[in-house]
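Novice: Here you go, one structure.
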Amino acid sequence: MVRESNANAMQLTPGAKRTVRLKIKRCDGPGKPSYWQSFDVKVAAGEGANIISALQDIAANPVTVDGQRTTPVVWDSGCLEEVCGSCTMVVNGHVRQSCSALLDNLAPVDGDVVTLEPMSKFPVNRDLFVDRERMFATLRRLNAWVPIDGLYDLGKGPTEDPDTQQERYVLSTCMTCGCCLEACPQYEKETDPAKWDESFVGAFAIGQADLFNTHETGGRLKQKRLDELSRRLAPGDQQLVLTRRHQVRDQTLAVFDRTFRVTWALAILVGLIAVVSLVSALLALGLERRREYATLRALGLTRSGLTAWILLQTTGLSLIAAVLAVPISALIHVTLSLAVQPRAFGWSVPLSLDVTPWLAMLPLAAVAGLLAGLYPAWSIGRRDPAPQLRSA
Ligand code: SF4
Ligand code: FES
């Protein structure tokens, strides 16, 4: 269904009269050829005239713009408030309910033309009035109702959680109008009722099957509905699976979570590589500075003192690296969010500079530095300083 936006409506002087031309695709009966006729109607601005009221004006005086008296245009309608769906037709090329199609929005200028056509996916009874019986036949085949056992008082119905209520409420608003079938490229017109049971059911039927399947009592016929849908939608041995909107969302989030698990694995791998690099660098440094360490030992520095000195160096180096990583990682984040992701994917992770990860990184860096320094400290500290001083 299409609702007019008042924000789009032009500013009209209330009560000002104008002429709107309705160009209508007509048909005198089932199987008969179509032809076009145009009618002018007078419309007063701001009085809420819609397609139905314009058709009523034409019915009161069915004279075409050529002055030819003709038969009144036939249409279907019921509620006049977009609830029954019977007034659905193609207005200016878009399928919608005609009772909510306001002429002030559709044709605000004197002389504007509005085209009206019957829906093309249904047999025409006459003019704009189509036969939607195929939809009702589909609902019968799908057992689209809640089975109850008689008309006596059955007591309270089953309770539903609010989330399910919200989802089912939307499905329950289907008014069998046919818009989704008219717009669907998979749904084709079929005038032979014998072939209806083998044809594509359309979106509305899938929604209605889901509506009744998710009702505790209605669910008693769930398998019948699924079998019927499977027969129509998944020929052969294929298994039909109806995935609801929140399930699609959950599955999508699960995929994201899996993706981020890989990211965490990569982060751990990078951390391990950093620790190995740090250990190698410190070992190399220890070998390079063995004379210096030997001198310190010769001057009275104990083995544990040397170990503490080396650990202090590794921890300090690690902390300096962590502090330097803060602006670098912030720069990478800004570049990815503002430049790379919008260009690569058309969307971006929102820019957020949260200090918590950086604060958490500092103690981690200190621990990593300590761990990385343990082996070099042990390896250097166990060497006898005398031969190292002599070899120098
Ligand atoms: S699901 Fe289809 S038939 Fe039902 S209200 Fe929506 S457009 Fe109309
Ligand atoms: S008359 Fe019922 S939806 Fe338009």
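Novice: Give me the distance in nm between label points sitting 7 Å out from Cα along the Cα-to-Cβ direction at residue 186 and residue 222, one decimal.
Specialist: Roughly 2.2 nm, to one decimal.
Novice: Measure nothing fancy, just the Cα-based angle from helix 245-288's long axis to the longest principal axis of the chain, in degrees from 0 to 90, nearest 10.
Specialist: Helix 245-288 sits roughly 20 degrees off the main axis of the chain.
Novice: Continuing with this model, one more query. Tally the DSSP beta bridges in the chain and give the antiparallel ones as a percent, rounded to 5.
Specialist: Details: 21 of 25 bridges.
Of the beta bridges lying entirely in the chain, close to 85 percent run antiparallel.
Novice: Shifting gears a bit: What do you get for trypsin sites (Lys or Arg not before Pro) in segment 134-233 restricted to DSSP loop and a cutoff of at most 11 other Cβ within 10 Å of the site's Cβ? Kindly include the intermediate steps, with their values, before the conclusion.
Specialist: On the way: sites: 134, 140, 141, 156, 168, 189, 195, 220, 222, 224, 225, 231, 232; in loops: 156, 189.
The qualifying sites are 156.
Novice: Is the C-alpha gyration tensor of segment 6-130 telling us rounded, prolate or oblate? Criteria: a/c under 1.5 is rounded; beyond that, a/b larger than b/c is prolate, otherwise oblate. The partial results should precede the final answer.
Specialist: Working: a/c = 2.00, a/b = 1.35, b/c = 1.48.
Oblate, because a/c is 1.5 or more while a/b does not exceed b/c.
Novice: Same structure, new question: Given 0.36 nm per residue, what is the gain on full extension from residue 334 to residue 173 after removing their alpha carbon distance, in nm? Let's see the in-between values first.
Specialist: Details: separation 161, 0.36 × 161 = 57.96 nm, distance 4.51 nm.
Stretched out fully, the residue 334 to residue 173 stretch lengthens by 53.4 nm.
Novice: Now for a different question. Magnitude of the Cβ-charge dipole of segment 263-391, K/R +1 and D/E -1, about the Cα centre, nearest 20 debye? Working shown, then result.
Specialist: On the way: 9 positive and 4 negative charges, 112 e Å.
That gives a dipole near 540 debye.
Novice: What distance in nm separates the simple spin-label points at residue 92 and residue 164, each placed 7 Å from Cα in the Cβ direction?
Specialist: Using points 7 Å along Cα→Cβ, the separation is 4.3 nm.
Novice: I'd like to know which of 345, 332, 320 lies farthest towards the positive end of the charge dipole of segment 263-391, counting +1 on Cβ of Lys and Arg and -1 on Cβ of Asp and Glu.
Specialist: With unit charges placed on the Cβ atoms, the residue in question is 320.
Novice: Write down the accessible area per residue of segment 6-130 in Å², having rolled a 1.4 Å probe over the full set of protein chains. Don't skip to the answer; put the middle values down first.
Specialist: Numbers: 5880 Å² over 125 residues.
Ligands and nucleic acids excluded, the result is 47 Å² per residue.
Novice: At residue 66 and residue 382, where each label point lies 7 Å from the Cα along Cα→Cβ, what is the point-to-point distance in nanometres?
Specialist: Once both label points are built, they end up 10.9 nm from each other.
Novice: Additional query: Starting from segment 41-144, pick out the GluC sites (Glu not before Pro) whose DSSP state is loop and whose Cβ has at most 14 other Cβ atoms within 10 Å. Numbers along the way, then the final one.
Specialist: Values: sites: 47, 81, 82, 133; in loops: 47, 81, 82.
Passing both the DSSP loop test and the Cβ count: 47, 81.
Novice: Per residue, how much accessible area does segment 276-392 show when a 1.4 Å probe rolls over the protein heavy atoms, in square angstrom?
Specialist: Values: 7560 Å² over 117 residues.
Here the per-residue accessible area is 65 Å².
Novice: Additional query: Could you pull out the chymotrypsin sites (Phe, Trp or Tyr not before Pro) across segment 130-159 that fall in loop regions by DSSP (anything but H, G, I, E, B) with no more than 16 other Cβ atoms inside 10 Å? Spell out each step's value before the answer.
Specialist: Working: sites: 136, 145, 152; in loops: 145, 152.
Counting only loop positions with at most 16 other Cβ atoms within 10 Å, the chymotrypsin sites (Phe, Trp or Tyr not before Pro) in segment 130-159 are 145, 152.
Novice: Ignoring ligands, DNA and RNA, please state the percent of accessible area on the chain from carbon and sulfur, probe 1.4 Å.
Specialist: On the way: 14220 of 23660 Å².
C and S atoms contribute 60 percent here.
Novice: Roughly what angle does helix 303-335 make with the longest principal axis of the chain, taking Cα atoms, 0 to 90 degrees, to the nearest 10?
Specialist: Value to nearest ten degrees: 30.
The values are calculated or read from the model by the stated rules, or taken from the named source; none is laboratory data. Since this is a predicted model, take the numbers as computed values, not measurements. Quick reminder, even Gly has a Cβ in these numbers, built from the backbone with ideal geometry, and neighbours come from all protein chains shown. These accessible areas exclude ligands, DNA and RNA; they are computed on the full protein's heavy atoms, side chains included. Shrake-Rupley method; radii C 1.70, N 1.55, O 1.52, S 1.80 Å.
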